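The values are calculated or read from the model by the stated rules, or taken from the named source; none is laboratory data. Please read all numbers here as calculations on a predicted model, not as lab measurements. Note that we place each Cβ from the backbone using ideal geometry, even for glycine, and neighbour counts take in every protein chain shown.
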Amino acid sequence: MKLFDNWENRLCVHGAYITLTKMKVSELCILHDKRRKTKDGLYPVRIYVYVTKNLRDYIPTPYTLSDEEYSKLNISKKLRLISQELIQLLKRTEKYLDEMQEYDGKKLRELLRGADVHHKPTEEQMLITKNIPDEVNVFDWFDNKISVELSAGRAGNWEAFCQSKLYFEKFTKSANIPFTYFTPEKLEEIERWYVDQGKSSATAGLHARNLRTVFNMARTAEVIAQSLYPFKRGGYRIPKTRKAKKSLKREELAKLFEFVPRTSQQRKVKAYFIFSYYGNGMNMKDMLMLQVKDIRDDGIIVFYREKTKNTSKDDKKPIIVGVNLEMLQVMREFGNKNSDPNSYIFPELNEAGNDPFLIRQKVSSLARNWSNTLEWIAKDCKIKGRLSFGVARHTSANAMKQEGVPLNYIQGCLDIPHQL
């Protein structure tokens, strides 16, 4: 599954960076292979190589882990050396693949065995954790986080940490940088360097927050001293920018509702915008991810926001939306005819199935396409400013506010933590 191919001529997948030179490999990753359990009830850890649909390989490693152990590879002191061994194994696999003209699984296994990378750390080594020096490589910890996000199927987080790693690699011009490098002064220098290129300080802040996450992982695992933390009070302040939240005026909303589409594309995008507006500002991905089973017999849609459903909060509340006639008309005209409870209500993600990375690719592509369509609609309706599904969300919230709906109820409807 080829996701990105234009980052300095490298393909970033599953925490590995593969040079696209002599032979193109579409995926290379550490895989917790759950196809078959071992006798002791564990699952083997393998190197997964995906070249084409009909050419894929599962290279064995010496490790078998439980689900809990695998999920803690990047934070458990006991498992830290296993994690480091797997990263080195992945890097050597990458190196040998880059030297091949065509894929040869047997030769690759021989090369890996010859490199003596298949050795388990001793129990004594695994327990020596307090004496790890501060000069540990930040980018190894980025790789840990990237692998965890991919294994969990969190495509958005995976992409964000891949981009952040490349961001800091581009500045440092190195793939081996210690935590001690990132002082408050250095982080301010990196931010200036990025903004001076005409880039957004908000994006610089996003990368800094991801670096903070990596620092916190290393602090939790006790591999760096607390004194190295650059984000404490009095240290580096991550830039924050709040965009003005545009909502349509009543007359602008009326123009949009009265707008007569010129093309089938405009008709569909307008319909989905209206569905989002009446659906308590349901965002685009949430709308496309709705399944038949999310609609109750009484005509109520119940779902969890994709953006927040994986948070650690124990009191997550579902979003509840009453289906009105306008929304029902959109579903009848543009929805799937399949009544299977697990099928999507709308057809845009049918081919993506449940693959989180294909879903993200499809949603991103549709977002760009539909954004252009909404721009044309806004021009025809003489609506000032950018028209988007985010505007539908804020317009819905503002309409409820103007009707006197309590703010805490609106926040619950939209699943937002802050004041409107």
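Just for the stretch 171-184: of the residues that are in a helix (DSSP H, G or I) and free of Cβ contacts under 8 Å to residues at least 24 places away in the same chain, which one is nearest to Lys285 (Cα to Cα)?
Here the residue is Phe171.
Kindly indicate whether Ser227 is outside any helix (DSSP H, G or I), at pLDDT below 90 and of a type in the set (S, T, N, Q).
Considered against the rule, which asks whether it is outside any helix (DSSP H, G or I), at pLDDT below 90 and of a type in the set (S, T, N, Q), Ser227 comes out as no.
Go through Phe334, Phe346 for me and flag whichever is closer than 20 Å to Phe389 by Cα and in contact with a Gly (Cβ under 8 Å, 6 or more places away or on another chain).
On inspection, the qualifying residue turns out to be Phe346.
How many residues does the stretch 235-280 contain that are among the β-branched types (Val, Ile, Thr), at pLDDT 90 or above and either part of a loop (DSSP other than H, G, I, E, B) or surrounded by fewer than 16 Cβ atoms within 10 Å (Cβ to Cβ) (or both)?
3
If you check Lys170, Lys106, which single one turns out to be out of contact with any helix residue (DSSP H, G or I) (no Cβ under 9 Å at 6 or more places or on another chain), outside the structural domain of Tyr70 (by TED's automatic domain parsing) and modelled with pLDDT of 55 or more?
Answer to the check: Lys170.
Could you pull out the residue among Asn338, Asn350, Asn372 that is modelled with pLDDT of 90 or more and over 23 Å from Lys307 (Cα atoms)?
Asn372
Return only the number of the condition from (1) without any contact (Cβ under 8 Å) to a residue 24 or more places away in the chain; (2) under 24 Å from Gln88 (Cα atoms); (3) in a helix (DSSP H, G or I) that Arg192 does not satisfy.
(2)
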